[in-house]
Amino acid sequence: MSSREAILSAVKKNQPVESELPELNFPFTSVNLKDTFIRTLTAIGGRVMDVTSWNEIVDNIKATYSTTSQVVNTIQELSADFGSFQRPSNPHDLKEVTVAIMKGDFGVAENGAIWLTDEAMGNQVLPYICEHLVLVINAENIIPTLHEAYERIGNSTYTLGTFLAGPSKTADIEQSLVLGAHGPKSLLVFMITS
Amino acid sequence: MIKTGNTHSELADKFNRDKKRVEWHDETLWFVRVKRDKAALQIPVWEQLREAASQIKNNVLGNLHNYLVQFEKNAQANGIRIHWAADAKEHNEIVHAIIKKHAINHIIKSKSMLTEECGLNEYLENQGIEVIDTDLGERIVQLAHESPSHIVLPCIHWKKEEIGQLFHQHLGTPHGNADPQFLTAAARTHLREHFLKGRVAITGVNFAVAETGEFVVCTNEGNADLGVQLADVHIACMGIEKIIPQRKHLGVFLRLLARSATGQPITTYSSHFQKPRAGQEMHMVLVDNGRSKRLASDDFRNALKCIRCGACFNTCPVYRRSGGHSYHTAIAGPIGSILAPGFDLKKNSDLPFASTLCGSCTNVCPVKIDIHQQLFKWRQAVVKEGHVDLSKKVVLKFTGFVLSHPLIYKLSGTLGRWVLRNLPVITNTRLNTWYKQREMPPAPKQSFNSWYKQNKRV
């Protein structure tokens with residue numbers, strides 16, 4: 001008997017009587033979603049800017065990062081200023097990227113996380129290998145909690161989907177928080193109201 | 001029986017020789033527990049979430065067979081290659097075979113308690129494969145040839161000065177520099193080289209969804225993601241109990257996990273891997289290693305609900321004051337003390353006793369495992385199987401006799417009070433383990449029973 005059969009038959013024999021799955025019904029207290037999102041994401045090390053135009057985003061990016069930065073952009077609306085990303089054959093070619101710019105699908109107010117999938121990433125390594133990550137989300141796309149998030153994701157398919165909440169960080173050395181463990185050292189989020 | 005010198009109490013004794021360090025360890029972990037409380041209190045539906053998480057996990061255990069089959073089918077349709085391992089040995093062999101196929105002798109690995117449980121690092125190193133742990137805390141203990149002392153905070157027992165010294169030796173950082181920011185930057189540079197070299201990346205798994213055939217890995221550092229996105233091969237290792245039914249259930253668990261673990265609203269990265277990317281090979285190893293056997297036990301099955309948040313560690317007064325290594329097992333703390341006896345009762349017969357049974361672990365557990373009840377039940381199993389030493393056996397037998405004979409109980413109370421008042425020297429000795437690090441209490445003149453009889457108003 002293969003291990004697969006052995007494990008499955010042992011599980012079948014030993015598992016208890018099945019119990020019901022619970023209803024998921026968690027009302028959320030009505031809050032200002034945008035404010036909560038900004039406050040939460042700021043508290044975990046992200047920086048959020050409320051903007052009303054793409055030009056404002058361009059100006060802020062130019063003001064924030066040095067002109068010698070290697071910038072990679074996957075957003076069409078910004079391609080005039082930051083070019084458009086050419087998918088490299090090898091993810092290793094992205095190791096020198098300083099700033100990566102991409103779109104996020106939506107933000108979760110309660111935990112400051114932004115959902116994005118491989119489609120928006122250009123290359124799946126990009127949001128992790130860059131030194132600074134810039135995400136743009138539509139200010140209307142802020143939802144209360146993860147329950148609404150999964151409702152929204154529904155049964156869509158992706159290669160990689162991720163909730164990304166702040167810059168990469170660690171507190172492994174004596175619980176001292178350090179931003180920029182292995183991934184980006186900073187996260188800048190533009191919330192655009194058009 | 002366990003070898004003398006290696007029991008929890010003996011190892012804890014060793015840890016307690018450095019009083020200052022114990023206090024620091026205690027306070028650091030309590031600080032994390034307080035952060036957990038603050039985070040939990042911000043969620044008005046926290047208790048409902050715990051209840052839902054517990055019910056989902058109960059449902060999983062009762063339907064595990066079908067969920068596993070469903071997950072396998074969906075994951076395979078997504079292009080993930082599924083392997084089944086009956087035990088640690090088979091798990092290690094499967095992983096090794098995949099690495100060997102690619103003729104590679106260097107791999108990178110993000111945190112996975114399952115691979116710790118299976119002893120994967122040691123196994124692969126014996127086959128001539130270099131394993132680089134990429135989580136900062138895990139890399140620190142790996143450089144020091146130690147195992148993690150906490151499932152979420154692997155090097156919580158290390159002081160920054162010691163880490164500075166360790167990095168000075170291994171990474172060439174300046175002698176005497178113990179700044180966490182600086183040391184983390186040095187580790188980032190050091191590990192980035194390995195990330196760029198790694199063609200096979202191993203990760204653990206936090207949740208696998210039967211409905212969609214995807215799995216979720218949570219980290220703060222981004223080490224799991226960076227590793228797998230640069231590597232040609234991703235191997236995810238998972239215990240069979242990590243399955244959850246539907247994608248929407250992730251909403252419950254991800255709201256609980258990081259808040260319970262460190263007080264964060266969510267980990268920086270909660271990555272959902274549904275398919276291998278173009279040109280990448282994705283494997284998943286499903287490991288039993290005693291889990292299916294535990295499933296049959298009404299008393300101990302619930303431990304399989306664990307989502308490895310570590311909240312029970314941080315709250316446990318015994319863990320905080322004895323350190324993770326005193327538990328001599330891959331998973332320490334209260335949850336480790338109820339998991340380990342299931343693997344080997346004889347070898348871990350001391351662990352159910354490494355607790356005050358205060359119940360705090362049960363109260364913080366996000367999936368409502370009755371940890372302290374199980375500790376108590378394991379104690380009974382240990383005694384029944386004869387794995388307690390003679391002195392404990394005699395004392396327990398004697399106590400049982402006294403407690404079941406009211407007259408003798410009364411007499412021994414009188415005798416005890418008399419001795420404490422008149423001959424304290426008998427109790428103030430090293431033979432009395434209660435006296436260790438404690439003063440004996442002042443004895444009242446009369447028992448509560450006789451006081452009550454005198455004072456009760458009829």
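The table below gives the values:
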| quantity | calculated |
| --- | --- |
| B:Thr433/B:Ala103 FRET efficiency (R0 51 Å; Cβ-Cβ; nearest 0.05) | 0.35 |
| For chain B, the fraction of alpha-carbon pairs in successive 20 Å shells from zero, as % | 22, 52, 21, 5, 0 |
| Cα-based equivalent ellipsoid, the range B:66-289: semi-axes from gyration tensor eigenvalues, Å | 29, 21, 15 |
| Accessible surface of chain B [probe 1.4 Å, protein heavy atoms]: carbon and sulfur percent | 55 |
| The protein assembly as shown: calculated mean residue ellipticity at 222 nm from DSSP helix runs of at least 4, using -39500 (n - 2.57) | -13000 deg cm²/dmol |
| Mean projected area (nm²) of the alpha-carbon convex hull when the protein assembly as shown is viewed from all directions | 34.2 |
| Within 10 Å of each Cβ in A:178-188, the average number of Cβ atoms from other chains | 6 |
| Relative contact order (percent, whole number), chain B, Cα cutoff 8 Å, 6+ residue spacing | 21 |
| Per-residue average of Cβ from other chains inside 10 Å of B:252-260 | 3 |
| Sorted largest first, extent of the range B:391-455 alpha carbons per principal axis (Å) | 38, 26, 17 |
| Residue-averaged beta-carbon neighbours from other chains (10 angstrom radius) around A:21-28 | 6 |
| Rg over Rh, two decimals, the range B:62-187 (C-alpha only, Kirkwood Rh) | 1.08 |
| Listed residue pairs exceeding 26 Å between alpha carbons, taken from A:Lys95/B:Lys111; B:Lys100/B:Lys346; B:Lys20/B:Lys111 | B:Lys100/B:Lys346; B:Lys20/B:Lys111 |
| Probe 1.4 Å, accessible area per residue of chain A, Å² | 44 |
| Hits among lysines - C-alpha to C-alpha of B:Lys19 under 21 Å, sequence gap 8 or more where chains match | B:Lys159, B:Lys160, B:Lys436 |
| Part-to-part distance (alpha-carbon centres) for the range B:285-362 and the range A:42-105, which is given in Å | 46 |
| Relative frequency of Cα-Cα separations exceeding 13 Å in the range B:156-219, percent | 71 |
| Sulfur and carbon atoms: percent of accessible area, the range A:33-192 [1.4 Å] | 44 |
| The protein assembly as shown - share of DSSP beta bridges that are antiparallel (%, nearest 5) | 30 |
| Neighbour-limited loop hits for trypsin sites (Lys or Arg not before Pro), the range A:56-150 (at most 12 other Cβ within 10 Å; DSSP other than H, G, I, E, B) | none |
| Alpha-carbon Rg/Rh ratio, for the range A:33-192, with Rh computed the Kirkwood way | 0.95 |
| Hull shadow area, averaged, the range A:1-78 [alpha-carbon convex hull, nm²] | 12.9 |
| Pairwise centroid distance, computed over Cα atoms, of the range B:215-234 with the range B:96-149, Å | 15 |
| For chain B, Cys with no neighbouring Cys Cβ under 4.7 Å | B:Cys118, B:Cys155, B:Cys218, B:Cys237, B:Cys306, B:Cys309, B:Cys316, B:Cys358, B:Cys365 |
| Cα convex hull volume per residue for the range B:275-420 (Å³) | 168 |
| Inter-label distance for B:Tyr409 and A:Asn32, nm, one decimal - labels placed 7 Å from Cα along Cα-to-Cβ | 6.3 |
| 10 Å Cβ shell holding at most 12 others, DSSP loop, trypsin sites (Lys or Arg not before Pro): longest site-free stretch of chain B | B:18-345 |
| Where labels lie 7 Å past Cα in the beta-carbon direction, separation of A:Ala6 and B:Lys89 in nm | 0.9 |
| In the range A:1-56, the GluC sites (Glu not before Pro) that fall in loop regions by DSSP, at most 10 other Cβ within 10 Å | A:Glu20, A:Glu23 |
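The values are calculated or read from the model by the stated rules, or taken from the named source; none is laboratory data. Only a predicted model underlies this, so the values are computations on that prediction, with no experimental measurement involved. Note: ideal-geometry Cβ built from the backbone for every residue, glycine included; neighbour counts use all protein chains shown. To get the accessible areas, we keep the full protein, side chains included, count just its heavy atoms, and leave off ligands, DNA and RNA. Shrake-Rupley method; radii C 1.70, N 1.55, O 1.52, S 1.80 Å.
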